[in-house]
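The values are calculated or read from the model by the stated rules, or taken from the named source; none is laboratory data. From a predicted model like this one, the values you see are computed outputs, not experimental measurements. We place every Cβ from the backbone using ideal geometry, glycine too, and count neighbours over all the protein chains shown. Note: accessible area is taken over every heavy atom of the protein model, side chains too, but ligands, DNA and RNA are not part of it. Shrake-Rupley method; radii C 1.70, N 1.55, O 1.52, S 1.80 Å.
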Amino acid sequence: MRKLLFMTLVVISSQHLFAQKKPNVIIIYADDLGYGDLGCYGATKVKTPNIDRLAKEGLRFTNGHTTSATCTPSRFALLTGRYPWRKTGTGVLPGNAIMIIPTDKPSLATVMQKGGYKTALVGKWHLGLGDGNDIDWNGSVKPGPNEVGFDYSFCFPATADRVPTVFVENHTVLGLDKNDPIEVNYKEKVGNDPTGKEHPELLKMRSSAGHGHDNTIVNGIGRIGYMKGGNKARWTDEELAYTFTERAEQFIEQNRQQPFFLYFALSDIHVPRMPGTAFKGKSGLGYRGDAILQMDWTVGRITQKLRELGIEKNTLIIFSSDNGPVLDDGYEDEAVTLQNGHQPAGVLRGGKYSAFEGGTRVPWIVSWPGTVKSGTSSDALISQVDLFASFSQLTGQKLGVDDAPDSFNMLDVLLGRSAKGRSWLVLQGGSLSLVQGNFKYITPSKGKALMELVNIESGNDEAAQLYDLSKDVGERNNIAALYPERVKEMAAELQRLKVAERTR
Ligand code: NG6
Ligand code: CA
């Protein structure tokens, strides 16, 4: 009897301890990585041992989604818990856009801060900086990540193919020489730097015809937008992954003795793909494949660091991507010519920018050794918009009525304790779709069925589309004509969700 009592006490107190202990949280957010781009999601032409291991030791989702098929809106949703299409100006932003994350509302990062976490953003931001007065790249660059909950930030403003091609650490452009001030312009040329259009012979990687990545040349690559000055501060593309990884490792090390939240937004595998020397030519699939190897290396460095510090069992990692894949997104990097049968979207139709599943269904792995069961997978429907409410739950906080209006608490699903995902989800490709159970309805829309520039099917159709994803995940068989009632109901429900301010 005594022994039993003792055992019971041990169990209760260890559960108590567990409940008390806050795991570190790391979101590793790849850019433009497709559903079929990883070994653990079926890729055979490219090897991703580190990420496969993460999946093997954790939980792999097969129906995990971004809210949107491009970067800015997906990131907006991740940080705000709100569907981006509720707010205008949440499309792909230029590098001089003002910040679209509100400073007067909680963000995912402020939630973590309130929960007692040290927070950091390392990597790509692409949510704008400043508040409408011209950004002074030579002074204090704000508001930015630090004003929406990140204690530390080390980022680049937009995408690697957009100026300014510099790092911003907290409020300051890193390594800026005050005598060589930066000026950015998206309308007309500033300064005397050659552009890709005027001097294609200076490029080490040409822009693809028609895409227009032919403005200011930085590091031998034509960019979108013009910049002058800041020469010492400009990055070297080959070092991007290395630089971000190092900063991420530093943050982890510095905060190993307290709960930390790291939003690690990789530049890989977005264009311009210009991997480090160690990876160039290694995949045989061109720089896109090489960038996948580099991304996998990054993940390996992070998990290695956690093991070294002995904190891997107390760290929850979520690995995912911001939107589906694209081969040619603006540069002649041989992604198309050396594709060699690799299927970036796997079995899915469409890709980046698309309303088909390839646009938003992405790799999604959760690892928390010892807590999340290893070697498991889940087909629960889940969206990145749900991370806000789920992390609020994880850190023991209640959401305010107006907070994260579209975010569902999916913590149990995320940790593999429940298989019951969302019963519905709105997705944003070109047009909006509604998934309800097995069915997916895509709103009719004009516009080309094929986005010729990137060679991806848009999902546009003037007729309504309905697919049964349980039988037809590749969305080949439009059954709208067979189920007119269902189409009508789903269209009406989507309309209702669109005008609702909150779905939570
Ligand atoms: C597009 C760019 C593309 C890429 C994308 C943003 C053109 C023709 N294409 O407008 O290269 O930069 O924006 O990608 O300009 S995202 O992943 O950040 O959303
Ligand atoms: Ca992206």
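Values as computed for the structure displayed
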item: In region 318-375, the residues that are of a type in the set (Val, Ile, Thr), away from ligand 1 (no atom under 16 Å from the Cβ) and either assigned to a loop (DSSP other than H, G, I, E, B) or over 16 Å from the mean Cα position of the chain (by Cα) (or both); result: Thr337, Val347, Thr371, Val372
item: Extreme residue, surrounded by the fewest Cβ atoms within 10 Å (Cβ to Cβ), among residues of region 104-130 that are within 20 Å of Tyr83 (Cβ to Cβ) and more than 16 Å from ligand 1 (Cβ to nearest atom); result: Asp104
item: Close pairs (6 angstrom Cβ cut-off, 6 or more residues apart or separate chains): closer than 16 Å to Glu334 by Cα in region 186-213, open to solvent by 30 Å² or more (accessible area, probe 1.4 Å) and among the charged types (D, E, K, R) anywhere; result: Arg206/Glu332; Ser207/Asp214; Ser208/Asp328; Ser208/Glu332
item: Total residues in region 346-376, condition open to solvent by 10 Å² or more (accessible area, probe 1.4 Å), of a type in the set (Gly, Ala, Ser) and in contact (Cβ under 8 Å) with a residue 60 or more places away in the chain; result: 4
item: Pick from region 280-312, criterion closer than 16 Å to Glu57 by Cα and aliphatic (A, V, I, L, M), ranking: most open to solvent (accessible area, probe 1.4 Å); result: Ile311
item: Unmet criterion (only one of (1) open to solvent by 70 Å² or more (accessible area, probe 1.4 Å); (2) within 16 Å of ligand 1 (Cβ to nearest atom); (3) closer than 30 Å to Val25 by Cα) for Glu501; result: (2)
item: Residue that is more than 17 Å from the chain's Cα centre (by Cα), within 30 Å of His342 (Cα to Cα) and open to solvent by 30 Å² or more (accessible area, probe 1.4 Å), where the choices are Asn96, Asn138, Asn50; result: Asn50
item: Filter pass, Lys189 being within 16 Å of ligand 1 (Cβ to nearest atom), more than 17 Å from Pro157 (Cα to Cα) and assigned to a loop (DSSP other than H, G, I, E, B); result: no
item: Those residues of region 236-265 which are outside any helix (DSSP H, G or I) and either over 17 Å from Val166 (Cβ atoms) or open to solvent by 10 Å² or more (accessible area, probe 1.4 Å) (or both), in sequence order; result: Thr236, Asn255, Arg256, Gln257, Gln258, Pro259, Phe260, Phe261, Leu262, Tyr263, Phe264
item: Hey, Glu475 in contact with a strand residue (DSSP E or B) (Cβ under 7 Å, 6 or more places away or on another chain), of a type outside the set (A, V, I, L, M, F, W, C) and at pLDDT 95 or above or not; result: yes
